[in-house]
Amino acid sequence: MTKNGILCEINGKKILLDPKTTDSSGVNFVSHAHADHLPSKNGGQILSSIETNQIANLRGFKMQNHVTSLEEFSLVDSGHILGSKGLLFDDVFYTGDICTRERGFLQGAKIPKCKTLITECTFGTSEFVFPKLEETKNQVNELISQFYSKGIPVILMGYQLGKAQTITQLFGHWSPLYFHDSVKQMNDLHNQLGVPLSQGMGHTEAKDKGLLDKKPWIMVAPMMSEKNPFIREMKSKYGAVTVGFSGWAKSTKFSFGRRADYSIPLSDHCDFDELVEMVKNSGAEKVYTIHGFVEEFAQHLRKIGIDAQPLRENSLDDFI
Ligand SMILES: [Zn+2]
Ligand SMILES: [Zn+2]
C-alpha cells in the first residue's frame with residue numbers, strides 16, 4: 001500500500017489498483033468510474049472495461065493508452081455499477097467496489113477462487129444488513145402511490161452514477177417521469193451502452209414547458225441535501241417530497257444517510273452478511289481489507305478463523 005493506492009509487483013510487472021496518479025511505467029487498473037476510483041491524470045497504460053472508459057469520458061476524464069484486456073489479468077464483473085470490474089491476477093483478487101446482490105440490470109458478482117483477497121468493506125459491520133430488493137420495491141411503490149393519489153410530486157434521490165439508474169429501472173413505470181438533467185445524461189449513456197431505461201424529460205426542459213406545474217409527477221435526481229437550492233425550489237414551488245436511497249440509511253450513527261424526507265436503505269455495495277459470504281466463497285487464505293470498516297471487518301474475519309488485516313500504507317511488505 002502506497003500513498004497512491006495499492007501497488008503490486010508480479011513477475012517484474014508493476015500493477016496499480018485504482019491509483020490516484022497513474023504510474024507511467026506500470027499497468028493502472030481502474031475498477032469503475034466513480035470519482036474516488038478514477039485517476040486524476042493520464043500516464044502509463046490504463047486497464048478498465050469499455051463502459052468505465054466511456055463513463056469516465058462523460059465525466060470529463062479521457063483515458064489515454066487504454067486497454068480492456070491484458071495477458072495474465074482477468075477482469076471480473078463486480079456488480080457494483082455498469083462496467084465495474086474486480087481484477088484477478090496470479091492468485092490475487094481485488095474486488096474494487098463490489099455487490100453480490102442482483103439489482104435490476106446489475107447481476108450480482110460471482111467471486112473467483114483466490115489465495116489472497118483484497119476486499120472493500122464499506123459496510124463491514126453487522127448493523128448493515130439490507131432488506132430484500134422486492135421488499136424495498138413494494139415499500140417505495142406504496143409510498144409513491146400515497147403521495148401520487150394526493151397530487152404530490154415525489155423526488156427519488158440516489159448517486160448520479162449507479163443508484164440513479166437502478167432507481168430508474170425499479171420505479172420508471174411511474175408517469176409522468178422526469179429526470180434531473182445530470183441523471184438524464186447518465187441514463188442516456190446507459191441506454192447507448194445497451195441498458196434499456198425508461199426515458200423522460202430533463203428537469204430544465206420540463207420546467208420551461210410548464211410541465212412541473214402539472215402535478216403529480218415523479219423525478220429521479222442525484223442525492224442532494226435539503227439545503228440544496230434545487231431541492232429547496234422543488235419543495236417551495238411544487239411541494240415535492242424527497243425519498244433518498246442509500247446504504248447508510250441503515251445506520252443509526254451516520255445521519256448523512258437520512259437527509260431526505262424518507263430514507264430507504266439501498267446500496268450498490270455488499271452488506272455485512274454478503275461480504276462475509278463472499279470472503280468464504282473466495283476460499284482466500286489471506287484477506288486484506290480496504291475502504292470503510294477495515295479494522296472491524298478484519299477483526300470479524302479473524303474471529304471466524306480467516307486470516308485478515310487492514311491494508312495500510314507500508315503494511316504490505318509481506319505481500320508485494
Ligand atoms: Zn463505487
Ligand atoms: Zn468506492
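Here, each number is a calculation from the coordinates, and none is a lab measurement. Quick caveat: nothing in here was measured; it's all calculated off a predicted structure. Glycine also receives a Cβ, built like all others from the backbone with ideal geometry; neighbour counts cover every protein chain displayed.
Taking H placed 1.01 Å from N in the peptide plane, check which residues at least 5 places from residue 220 or on another chain put their amide H under 5 Å from its amide H.
Placed amide hydrogens put 156, 178, 179, 180 under 5 Å from residue 220.
By how many nm would the segment from residue 233 to residue 295 lengthen if fully extended, with 0.36 nm per residue of separation less the alpha-carbon distance?
On the way: separation 62, 0.36 × 62 = 22.32 nm, distance 4.20 nm.
Between residue 233 and residue 295, full extension yields 18.1 nm more.
Can you list residues from other chains, or at least 5 along the same chain, whose modelled amide H is less than 5 Å from the amide H of residue 14?
Result for residue 14 returns 27.
Can you give the FRET efficiency for residue 141 and residue 57, using 1/(1 + (r/R0)^6), R0 = 51 Å, r = Cβ-Cβ distance, to the nearest 0.05?
0.90
Considering amide H positions built from the backbone, and no H for Pro or chain starts, which residues 5 or more places from residue 103, or on another chain, come under 5 Å of its amide H?
Long-range HN contacts for residue 103: 108.
Under a Cβ-Cβ cut-off of 10 Å, what is the net charge of the residues other than residue 108 that fall near it, where Lys and Arg count +1 and Asp and Glu count -1?
In short, 0.
Extension gain residue 4-residue 102, at 0.36 nm per residue separation less the Cα-Cα distance, in nm?
32.1 nm
Nearest-5 percent of antiparallel DSSP beta bridges in the chain? Let's see the in-between values first.
Numbers: 16 of 54 bridges.
Given both bridge residues lie in the chain, the antiparallel proportion sits at roughly 30 percent.
Under 8 Å for C-alpha pairs, at least 6 residues apart: give me the relative contact order for the chain, rounded to a whole percent. Please report the intermediate quantities before stating the final value.
On the way: 675 pairs, mean separation 56.6, N = 320.
Result for the chain is 18 percent.
Using the alpha-carbon centroid of each, what span in Å lies between region 21-74 and region 274-314?
Each part reduced to its Cα centre gives a spacing of 26 Å.
Any chance you could run the full-extension gain for residue 74 through residue 185? It's 0.36 nm times the residue separation minus the Cα-Cα distance, nm to one decimal. List each step's numbers first, then the result.
Numbers: separation 111, 0.36 × 111 = 39.96 nm, distance 3.02 nm.
Gain on extension, residue 74 to residue 185, equals 36.9 nm.
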